[in-house]
Amino acid sequence: MTPTPPWPVTEPTPQPEEEPFYDGLLVGELRVPWCDNCDEHVWRPKSHCTVCYRAVSGWRTLSGMGEVYSYCVIHRGVEAFAAIGPYVLAWVSLDGGPTILGNVIAPQDDLRIGMRVRIVEPRDPERGQRGPVFTGC
């Protein structure tokens, strides 16, 4: 399953604390906010840690590798996505980080829970690739 037409160009409006995440995707990196006090990721990106409530101290770049936690094959998308089905939305548990939602580009017969995936790099916002897109390892 490969995206034959380009992904639709959608314009999410990132909050200021999400900008480093989206900027990282543009260069093929998965960046997540990190709390040095707890030594934990903070997901969704926020200005303060959701565990200890201290200010987020920085960002870490993860490997971009992970495994599919759950997925759904969308056969009939809506609005801007109607022309590109089928496509896959998946929750991906990142190595050393959070579980995030993204697209997976892989043959439908290869998709499975626990499948190892890696981030596709770099993102191309002109082709609509604003969020994370993964492929099988």
Review point. Between Trp43 and Tyr69, what length in nm is gained on full extension when 0.36 nm per residue of separation is reduced by their alpha carbon distance?
Key: 7.7 nm
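Please sort 43-56, 96-109, 71-84 by packing, taking for each peptide the average over its residues of neighbouring beta carbons within 10 angstrom, highest first.
Top of the packing list down: 96-109, 43-56, 71-84.
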Review point. Semi-axes, largest first, in whole Å: what does sqrt of 5 times each Cα gyration tensor eigenvalue give for the range 16-136?
Key: 27, 16, 13
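At 0.36 nm per residue, minus the direct Cα-Cα distance, what do Cys52 and Val78 gain on full extension? Give it in nm, one decimal, please.
My answer for the length gained is 5.4 nm.
Readers should treat all values here as calculations from the given coordinates under stated rules, not as data from a laboratory. Here the structure is a predicted model, which is why all the values come from computation and not from measurement. When we count neighbours, we look across all protein chains shown, and the Cβ atoms used for this are built from the backbone with ideal geometry, even at glycine.
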